[in-house]
């Protein structure tokens with residue numbers, strides 16, 4: 001099958017330096033509007049991957065994201081937001097980036113070109129057949145990611161990917177590929193733009209749907225969220241007030257006593 005690198009094609013716009021700020025903003029916004037439509041086309045691909053993730057996590061497995069540059073940072077962002085949002089362990093969803101933690105803030109030259117480091121990074125967490133590994137690469141050609149997924153396949157580990165090119169080497173490697181084709185970027189080759197937005201949308205879908213399936217949402221509320229600041233404590237108290245029809249003072253007391261919205265509601269329902 002042919003492989004076309006649409007993420008590297010020339011922008012639909014030219015002479016950007018001659019545009020006014022208003023023209024730049026409108027043009028970027030017009031391009032951004034196409035991203036959710038591109039994601040919509042691959043919902044079946046996303047669903048298939050999430051089904052396997054839920055299956056493995058219910059059996060005690062973990063979800064790994066592995067990527068380089070913007071893609072790696074987006075994976076780390078999504079993973080890092082799962083514990084405070086859903087009250088899960090920091091070891092349940094793990095984000096890895098080529099070049100290590102230093103690369104989160106500063107680019108590490110040629111880190112993404114290593115064909116061995118990805119698997120080595122995964123091995124630090126004792127990755128195994130109970131887990132799912134999702135490679136993230138807009139181009140679909142990143143050696144760090146592709147080689148890691150190839151080794152995962154050999155070790156009976158479920159693999160998925162999020163990329164923005166058809167039939168890329170990464171798509172052909174992953175067992176459950178997600179290909180969100182957003183077309184040329186506003187700035188030619190700047191995949192931190194539409195491709196990055198597409199990846200973020202898909203990552204939101206993966207973890208949110210997975211955590212709902214695992215029971216971490218009640219109704220539409222984050223009943224397992226970590227009460228890590230005053231805003232979240234107030235939100236938690238309001239959830240309890242609405243659910244149990246109690247006063248704000250009683251809700252605060254229940255939240256303080258049990259330490260979570262879920263436990264407060266559960267124990268109140270049990271008459272404790």
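Taken together, the values in this text are just the output of simple stated rules run on the coordinates, not laboratory data. Note that the structure is predicted; figures quoted are calculated from it, not measured. A quick note on method: Cβ atoms are made from the backbone with ideal geometry, for glycine too, and the neighbour counts reach across all protein chains shown.
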Task: Degrees separating the helix 230-244 axis from the principal Cα axis of the chain, which is the longest one - done: 60
Task: Alpha-carbon Rg/Rh ratio, for region 230-269, with Rh computed the Kirkwood way - done: 0.89
Open item on the list: Nearest 500 deg cm²/dmol is fine: what mean residue ellipticity at 222 nm does the chain get from its DSSP H runs of n ≥ 4 alone, each adding -39,500 (n - 2.57), divided by its residue count?
Closed with: -15500 deg cm²/dmol
Task: Value of relative contact order over region 1-146, rounded to a whole percent, pairs C-alpha under 8 Å and six or more apart - done: 26
Task: Order by protection proxy (mean Cβ within 10 Å, highest first), peptides 174-186, 253-265, 100-112 - done: 174-186, 253-265, 100-112
Open item on the list: Compute the helix-to-body angle for 143-154: its Cα long axis versus the longest principal axis of the chain, expressed 0 to 90° and rounded to tens.
Closed with: 70
- [ ] Quick one: grab the alpha carbon gyration tensor of region 6-47, order the square roots of its eigenvalues as a ≥ b ≥ c, and give me rounded if a/c is under 1.5, else prolate or oblate depending on whether a/b is larger than b/c.
- [x] oblate
Task: Prolate/oblate/rounded call for region 6-213, Cα gyration tensor, a/c under 1.5 rounded - done: prolate
Open item on the list: Under the 0.36 nm per residue contour assumption, what length would be gained going from the current alpha-carbon distance of residue 167 and residue 266 to full extension?
Closed with: 30.8 nm
TODO: Could you rank the peptides 223-232, 67-76 by their average count of other C-beta atoms within 10 Å per residue, with the highest value first?
DONE: 67-76, 223-232
- [ ] Could you let me know the centre-to-centre spacing of region 164-212 and region 28-45, using Cα atoms, in angstrom?
- [x] 10
Task: Cα-based helix-to-principal-axis angle, 248-258 vs the chain, degrees rounded to 10 - done: 80
TODO: Could you sort 26-35, 42-51 so that the peptide with the highest average Cβ count within 10 Å comes first and the rest follow in order?
DONE: 42-51, 26-35
TODO: Once you have the Cα-Cα distance between residue 47 and residue 154, take 0.36 nm times their residue separation minus that, and quote the gain in nm to one decimal.
DONE: 36.1 nm
Open item on the list: Under the 0.36 nm per residue contour assumption, what length would be gained going from the current alpha-carbon distance of residue 220 and residue 11 to full extension?
Closed with: 71.2 nm
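If a/c stays under 1.5 just call it rounded; otherwise compare a/b with b/c (prolate if a/b is bigger, oblate if not). Do that for region 83-186, with a ≥ b ≥ c from the square roots of the Cα gyration tensor eigenvalues. Don't skip to the end; give the middle numbers.
Working: a/c = 1.31, a/b = 1.21, b/c = 1.09.
Verdict is rounded for region 83-186.
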